[in-house]
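K.L.:
Questions regarding the structure given below will be posed in turn.
The values are calculated or read from the model by the stated rules, or taken from the named source; none is laboratory data. Bear in mind the structure is a predicted one, so any value in this text is a computation, not a measurement. Cβ placement follows ideal geometry from the backbone for every residue including glycine, while neighbour counts extend to all protein chains displayed. Ligands, DNA and RNA are excluded from the accessible area calculation, which covers all protein heavy atoms including side chains. Shrake-Rupley method; radii C 1.70, N 1.55, O 1.52, S 1.80 Å.
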Amino acid sequence: MTSGMRFLKFGKFRRLKTTFSEFDRHSSCVSTPDSFKWHLMSAVCLVRHPVVSAQPSAIEQRYQKLMNEMEFENSLLSDHELRHRADLDFIEKKKQEDFDESEEDALTLTAQDQQDIWDSQLSHFTPANTITEADEKNDQQSTDRKLDEKLILIVKQKLGDRFHWVLPQGQRSQGESMRQAAERVLSLTCGQEIKAQFMSNAPCGFYKYMYGNIHLSNEGAKVFFFKAHTVMGQVELAQRDSISDYLWLPRGNLKDYLVPSYYRHVKRFILSL
């Protein structure tokens, strides 16, 4: 590839010209000749899913409160509540002068006694802190951070003679399927230690760009994105000459690193759920 990489965006058969270096500042309608050569690329959208539940929003809290009230009003008494009622009836019987309490009745653990035991156990429970050391250090190369959010891997990869922030990508080899190419790309760029589960044989997104000047070059790349999620392991950059850095970022921070036209395509298949 050469510097001045130019991207094509398709929308209703409309093509826009963009360069990474120009950050989407110039665009014009272009067309490609019949002799144009496209190179097939596979890219990996590697996701670390949330580890803990996110804090509910204000509307979610109000909805949960409403559902709890409806459940309380419409539900039947639980076994514990029925047992507590029976205990209260038994206490009233004990107040009668002719009541003869057996040894078994005297040793019975009441529902209130059981509730006191549970409350005591709960008072000694301390939930784990969801703010990790990586959060405190803002270590963006660690997956042990932002445990309640989805993190996406991006790499600073050499495309042409310049480095750009992208999802890990590489060219398909002869005889490979696009899915196989994506698996190979992940292994070559991120090392053998990290293990991932690919979600499908079908790509989740598509992007295309041209090499060099739009009027002089007759080659470009078609990039097919494949989703995968981490299973175990950490990223170990295996090709420092082609990939100089990497980051794990929430969806909302991707726009600070990716080229605008590239980001507009990527965000379509990265849901915030």
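K.L.:
Percent of accessible area on the stretch 137-235 owned by carbon and sulfur, 1.4 Å probe?
P.N.:
Details: 2040 of 4610 Å².
Here carbon and sulfur together make up 44 percent of the probe-accessible area.
K.L.:
For residue 37, give me every one of the aspartates and glutamates with a C-alpha distance below 15 angstrom, ignoring sequence neighbours fewer than eight places off in its own chain.
P.N.:
The qualifying aspartates and glutamates are 219.
K.L.:
Quick one: check the C-alpha center-to-center distance for the stretch 250-265 versus the stretch 168-210, whole angstrom.
P.N.:
Comparing the Cα centres of the stretch 250-265 and the stretch 168-210, I get a distance of 20 Å.
K.L.:
To the nearest 20 debye, what is the magnitude of the charge dipole of the stretch 60-149 about its Cα centre, counting +1 on the Cβ of each Lys and Arg and -1 on the Cβ of each Asp and Glu? If you can, show how the numbers build up before the last one.
P.N.:
Details: 10 positive and 26 negative charges, 104 e Å.
My answer is approximately 500 debye.
K.L.:
Could I ask something else about it? What does the extension gain come out to for residue 85 and residue 110, with contour length at 0.36 nm per residue minus their alpha carbon separation? Display every interim value, and only then the final one.
P.N.:
Details: separation 25, 0.36 × 25 = 9.00 nm, distance 1.02 nm.
Full-extension gain reported as 8.0 nm.
K.L.:
Still on this structure, please answer the following. If you average the C-alpha positions of the stretch 36-98 and of the stretch 140-166 separately, how far apart do those two centres end up, in angstrom?
P.N.:
Spelled out, the Cα-based centre of one part sits 36 Å from the other.
K.L.:
I need the chymotrypsin sites (Phe, Trp or Tyr not before Pro) found in the stretch 35-133, filtered to DSSP loop residues with at most 14 other beta carbons within 10 Å of theirs.
P.N.:
Of the chymotrypsin sites (Phe, Trp or Tyr not before Pro), the ones in loops of the stretch 35-133 whose Cβ has at most 14 other Cβ atoms within 10 Å are 36, 99, 125.
K.L.:
Could you give the accessible area per residue of the stretch 147-257, probe 1.4 Å, as a whole number in Å²? Provide the component values of the computation, followed by the final result.
P.N.:
Numbers: 5170 Å² over 111 residues.
Averaged over the residues of the stretch 147-257, the accessible area is 47 Å².
K.L.:
Something else now. If the cut-off is 29 Å between C-alpha atoms, which lysines fall inside it for residue 146, apart from same-chain ones fewer than 8 positions away?
P.N.:
65, 137, 156, 158, 195, 227, 255, 267
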